[in-house]
1. Go ahead and set up a Gaussian network model of the chain, Cα springs under 10 Å, then flag whichever of Gly19, Gly38, Gly30 fluctuates most.
2. In segment 26-49, which residues have a backbone nitrogen under 11 Å from the label point lying 7 Å from Leu16's Cα in the Cα-to-Cβ direction?
3. Suppose R0 equals 30 Å. What FRET efficiency, 1/(1 + (r/R0)^6) with r the Cβ-Cβ distance, do Ser27 and Ala54 give to the nearest 0.05?
4. Tell me, what % of the accessible area of the chain is carbon and sulfur with a 1.4 angstrom probe?
5. Hey, what did the chain get for relative contact order, percent, Cα under 8 Å, at least 6 apart?
6. How much area per residue is accessible in the chain when the probe is 1.4 Å and only protein heavy atoms are counted (Å²)?
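The values are calculated or read from the model by the stated rules, or taken from the named source; none is laboratory data. The structure presented is a predicted model; accordingly, all values stated were derived computationally and were not measured. Heads up, the Cβs are rebuilt from the backbone with ideal geometry, glycines too, and the neighbour counts pull from every protein chain shown. The area values use the complete protein model at the heavy-atom level, side chains included, leaving out ligands, DNA and RNA. Shrake-Rupley method; radii C 1.70, N 1.55, O 1.52, S 1.80 Å.
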Amino acid sequence: MEGIGKWIVGGFVGLLGLGALILAGNSHDGIVQYSALGIVLLSVVFIMVLIKMAFDREHRDD
């Protein structure tokens, strides 16, 4: 994944995380709630990795 494609995927992952957060908030079943919170956690980690890669690339180009 190069260029703008990473950020498009990051946007979709962010929307997935927000949807999972809404699902976890409205869930009455523990398994669904914890699964949705796991998806939220993974989406936050993925977005943080994208941000880290962007900053690393910026410093590498100098």
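1. Sorting by GNM fluctuation, first place goes to Gly30.
2. 39-40, 42-44, 46-47
3. Approximately 0.35, to the nearest 0.05.
4. Answer for the chain: carbon and sulfur cover 73 percent of the accessible area.
5. About 37 percent, as a whole number.
6. 77
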